[in-house]
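The values are calculated or read from the model by the stated rules, or taken from the named source; none is laboratory data. All values derive from a computational prediction rather than experimental measurement. Note: ideal-geometry Cβ built from the backbone for every residue, glycine included; neighbour counts use all protein chains shown.
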Amino acid sequence: MKKVAIYPGSFDPITNGHIDIIERSLRIFDEVIVVVAINLRKMNQKNWWFHPTERLDLIRDVFKDEKRVKVDICDGLIMDYAKKKNVQAVLRGLRAAGDFETEFMMAAINRELNEEVETVFMTTGKNLFFVSSTVLKEVAAFGGSISSYVPKQVSRAVQKKLKTEGEQI
Ligand code: ADP
């Protein structure tokens, strides 16, 4: 049976931290579906930079040569999505201890919702534990370079976003 995992997150935008998790997970899974999970409540607060379709396009571009990585958007419950796609696992990344509590709670509630899908945690890659989309956006907004922590196309998209919408973000 083909082993498939979904990797849900905001990916606003995708970083080398996410990419490292996806690449390493392909040693275990035959296919990984990266799911841009939309939180409609958060969408209204305008605390995001990239529209979900822009995030999806960036992820798709980063993995254009990796056929085992698929990309999708979900605006409902991740566990309903997992059921619909008939996947075996939900993949999550752990950076530091701070991530643990929320992830632990989420895994517990997700098991309540669908006990056939396992949550699989992978620890952060080498020198990537401090990389988060939120922190990188802060650094970029203050003129710092983020090019060591995101792929080229993401770095370009962030610069473009700052130029075109800088005052609103
Ligand atoms: P963030 O906005 O904090 O980067 P996301 O919702 O996009 O978070 O993250 C999706 C998943 O990827 C989460 O499980 C998160 O903990 C994980 N993740 C994000 N960055 C890293 C990293 N640098 N190393 C390991 N896991 C990460």
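Which members of the range 111-133 meet the condition of being surrounded by 13 or more Cβ atoms within 10 Å (Cβ to Cβ) and of a type in the set (Lys, Arg)? Arg111, the sole residue that qualifies.
This table checks each residue for (1) in a loop (DSSP other than H, G, I, E, B); (2) under 15 Å from Ser25 (Cβ atoms).
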{"site": "Trp49", "(1), (2)": "yes, no"}
{"site": "Asp61", "(1), (2)": "no, no"}
{"site": "Asp72", "(1), (2)": "no, no"}
{"site": "Arg92", "(1), (2)": "no, yes"}
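State which residue is farthest from the ligand (Cβ to nearest atom) when the search covers only the range 111-134 and only residues that are in a helix (DSSP H, G or I) and over 23 Å from Thr15 (Cβ atoms). If you could, list the steps in order and put the result at the bottom.
Taking the range 111-134 as the starting set, the residues that turn out to be in a helix (DSSP H, G or I) are 111-113, 133-134.
Narrowing further to those that are over 23 Å from Thr15 (Cβ atoms): 111-113.
Details: Arg111: 16, Glu112: 19, Leu113: 17 Å.
Top of the filtered list is Glu112.
Taken over the range 1-21, the criterion of being under 27 Å from Ser147 (Cα atoms), touching a Phe, Trp or Tyr at 6+ places or on another chain (Cβ under 6 Å) and not in a loop (DSSP other than H, G, I, E, B) is satisfied by Asn16 alone. Collect the residues in the range 135-158 that are among the β-branched types (Val, Ile, Thr), more than 22 Å from Arg24 (Cα to Cα) and not in a helix (DSSP H, G or I), keeping them in residue-number order. Listed by number, the list holds a single entry, Ile146. Selection of the range 134-169 for residues being under 20 Å from Arg60 (Cβ atoms), charged (D, E, K, R) and surrounded by fewer than 18 Cβ atoms within 10 Å (Cβ to Cβ) yields Lys152, Arg156, Lys160.
For the range 87-95, state whether one or more residues are buried (at least 21 other Cβ atoms within 10 Å of the Cβ), away from the ligand (no atom under 15 Å from the Cβ) and closer than 16 Å to Val120 by Cβ. Among the residues of the range 87-95, at least one is buried (at least 21 other Cβ atoms within 10 Å of the Cβ), away from the ligand (no atom under 15 Å from the Cβ) and closer than 16 Å to Val120 by Cβ, which makes the answer yes. Restricting attention to the range 97-121, the residues that are touching a Ser or Thr at 6+ places or on another chain (Cβ under 8 Å) and farther than 14 Å from Tyr7 by Cα total 1.
If the requirement is being in contact with a strand residue (DSSP E or B) (Cβ under 7 Å, 6 or more places away or on another chain), at pLDDT below 95 and aromatic (Phe, Trp, Tyr), which of these qualifies: Phe121, Phe100, Phe63?
On the way: Phe121 fails: at pLDDT below 95; Phe63 fails: at pLDDT below 95.
Only one candidate passes the filter, namely Phe100.
Restricted to the range 1-35, and to residues that are among the aliphatic types (A, V, I, L, M) and closer than 16 Å to Thr124 by Cβ, which residue is nearest to the chain's Cα centre (by Cα)? Ranking the qualifying residues of the range 1-35, first place goes to Ile14. Can you say whether Ile6 is at pLDDT below 95, more than 10 Å from the ligand (Cβ to nearest atom) and touching a Cys at 6+ places or on another chain (Cβ under 9 Å), as far as the supplied structure shows? Judged against the criteria, Ile6 is not a match.
For Arg55, are the conditions met, namely being part of a helix (DSSP H, G or I), of a type outside the set (Ser, Thr, Tyr) and modelled with pLDDT under 95?
Numbers: part of a helix (DSSP H, G or I): yes; of a type outside the set (Ser, Thr, Tyr): yes; modelled with pLDDT under 95: no.
No.
Taking the listed residues Asp20, Asp30, the one that is touching a residue at least 24 places away in the same chain (Cβ under 8 Å) and either within 11 Å of the ligand (Cβ to nearest atom) or surrounded by 20 or more Cβ atoms within 10 Å (Cβ to Cβ) (or both) is Asp20, with no other qualifying.
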